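Have a look at the structure below before the remarks.
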Amino acid sequence: MKSFKKTSLIFIFLIFSLPLFSVENEEFLEKVELEKLPPADEYYIDDSPLNQILKLFDEEDYERQKAFLEHKQKKIIKEAGGIKLSQGKYEQEIIHEYIARYMTQFGKESLYKILDDGEYYRLYVRQELKKRNMPAILEYLPLVESEYKPTAKSRSGARGLWQFMENSMAPFLKKNEWFDERLDPWKATSAALSKLQDNYKTFNDWPLAIGAYNCGAGAMRRALQKSPVKSFWYLSEHNLIPEETINYVPKLIAINEIAENGEEYKVTLPKISESRHYADFDYATSSREISLDRLAQEIRLDHSILKSLNTELLQGKTPPYNYQLRLPMGMKRAAQEAIFEIERMQ
């Protein structure tokens, strides 16, 4: 198993508006605010801190957190980020079990780092949820899925920010020898939210819709057919759905509860900073194979930035047909001219 890539990079996007081939006329017209993009290296999610929360924690610390919650008389959580809860005993107990685990020192440190590193994508997911009038709690679903890592990979073959399997991509995403759209966090976000909306139309219940995102709509339908009570919590309590799915929804609710009520739980987590630059891009079109290394050199852009903006490319170059490359805002003209020159010389 490869080790995790835990570093995050801060990039300054320099905007060029004149052709970079005329060095004597080159001008730096504007410098936009700092952007924070995670590195585009593969990230193996199976043994990540979040997925080990049931194993890697201090027992004494955990017992202290349980005692703290019991002293608070286990607050009844009636709503979580736009989702109403039934307030049943089983439902509340499993949610509070996760809250106690996330409130341990290990849990708090893990949540803080993941939320902080994932801010760039959280901003975009938040925006898209508002556009679609979807529950705000879904901002934290990529945290459960991939810890906001766009190149996250699981042993089962799920990939990307939203952990799509190949057999669940269609009709939302595409993959071929040149690119895998599951690895594009912006395309994958659109696909995941559409899939969640489809699930909600099918089940007319958000816990069921979210659970179905994990185990599949077919599996959820079959479980409901066997159940006299058509609720996620009944399916969960009676083990009619997979164990991973049983934990999936309460884990999400617990994270939302702590993140949105940190002061109440005596937990400090990073607040998201509003920025208009969370999804501002330019695009340039190529029609032949072009190395990202070469293009970055021609337009004098750090290669890691170009790679992080085009994580879906599997071979470090564009396909031999029309393809749109994502660029920092303000670099379209320079990149398009560079692409023209590279293709002309090939």
Some residue of region 239-258 being of a type in the set (Asp, Glu) and over 26 Å from the mean Cα position of the chain (by Cα): no
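Find the residue count for region 287-305, including only residues that are in a helix (DSSP H, G or I) and either at pLDDT 95 or above or farther than 21 Å from Asp180 by Cα (or both). Full working, then the answer.
Here is the first cut: in region 287-305, the ones in a helix (DSSP H, G or I) are 292-298, 303-305.
Subsequent filtering for residues that are either at pLDDT 95 or above or farther than 21 Å from Asp180 by Cα (or both) retains 292-298.
Counting residues in region 287-305 that are in a helix (DSSP H, G or I) and either at pLDDT 95 or above or farther than 21 Å from Asp180 by Cα (or both) gives 7.
Could you grab me the full set of residues in region 83-129 that are within 23 Å of the chain's Cα centre (by Cα) and open to solvent by 50 Å² or more (accessible area, probe 1.4 Å)?
Those that are within 23 Å of the chain's Cα centre (by Cα) and open to solvent by 50 Å² or more (accessible area, probe 1.4 Å): Phe106, Lys108, Glu109, Tyr112, Lys113, Asp116, Arg126.
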Criterion violated by Leu196 - all others in (1) open to solvent by less than 30 Å² (accessible area, probe 1.4 Å); (2) under 24 Å from Tyr321 (Cβ atoms); (3) assigned to a helix (DSSP H, G or I) satisfied: (2)
Subset of region 157-210 (residues that are farther than 27 Å from Tyr234 by Cα and charged (D, E, K, R)): Arg159, Glu166, Lys174, Lys175, Glu177, Asp180, Glu181, Arg182, Asp184, Lys187
Top-ranked residue of region 154-178 - restricted to ones that are crowded, with 20+ Cβ neighbours inside 10 Å and touching a strand residue (DSSP E or B) at 6+ places or on another chain (Cβ under 8 Å), ranked as nearest to Leu123 (Cα to Cα): Leu161
Residue that is farthest from Arg221 (Cα to Cα), among those in region 233-274 that are open to solvent by 20 Å² or more (accessible area, probe 1.4 Å) and assigned to a helix (DSSP H, G or I): Glu260
Leading residue by the ranking (nearest to Glu79 (Cα to Cα)) among those in region 123-154 that are touching an Asp or Glu at 6+ places or on another chain (Cβ under 6 Å) and not aliphatic (A, V, I, L, M): Arg126
Residue match in region 312-333 (condition: farther than 25 Å from Thr151 by Cα and at pLDDT below 95): yes
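Can you find, within region 214-232, the residue that is farthest from the chain's Cα centre (by Cα) among those that are in a helix (DSSP H, G or I) and of a type in the set (Gly, Ala, Ser)? Can you show your working first?
Quick first cut of region 214-232, residues in a helix (DSSP H, G or I) only: 214-215, 217-226, 232.
Checking which are of a type in the set (Gly, Ala, Ser) leaves us with 217-219, 223.
Values: Ala217: 21, Gly218: 24, Ala219: 24, Ala223: 28 Å.
Looking at the filtered set, the residue picked out is Ala223.
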Exclusive hit being over 19 Å from Lys251 (Cα atoms) and of a type in the set (Lys, Arg), set Lys108, Lys149, Lys113, Lys131: Lys131
Qualifying residue in region 156-172 (condition: touching a helix residue (DSSP H, G or I) at 6+ places or on another chain (Cβ under 9 Å), assigned to a helix (DSSP H, G or I), modelled with pLDDT of 95 or more and farther than 20 Å from Ser273 by Cα): no
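The values are calculated or read from the model by the stated rules, or taken from the named source; none is laboratory data. Computed from a predicted model, the values in this text were never measured in an experiment. Don't worry about glycine lacking a Cβ; one is built from the backbone with ideal geometry, like all the others, and counts go over all protein chains shown. Protein only, heavy atoms only, side chains kept; ligands, DNA and RNA dropped before computing areas. Shrake-Rupley method; radii C 1.70, N 1.55, O 1.52, S 1.80 Å.
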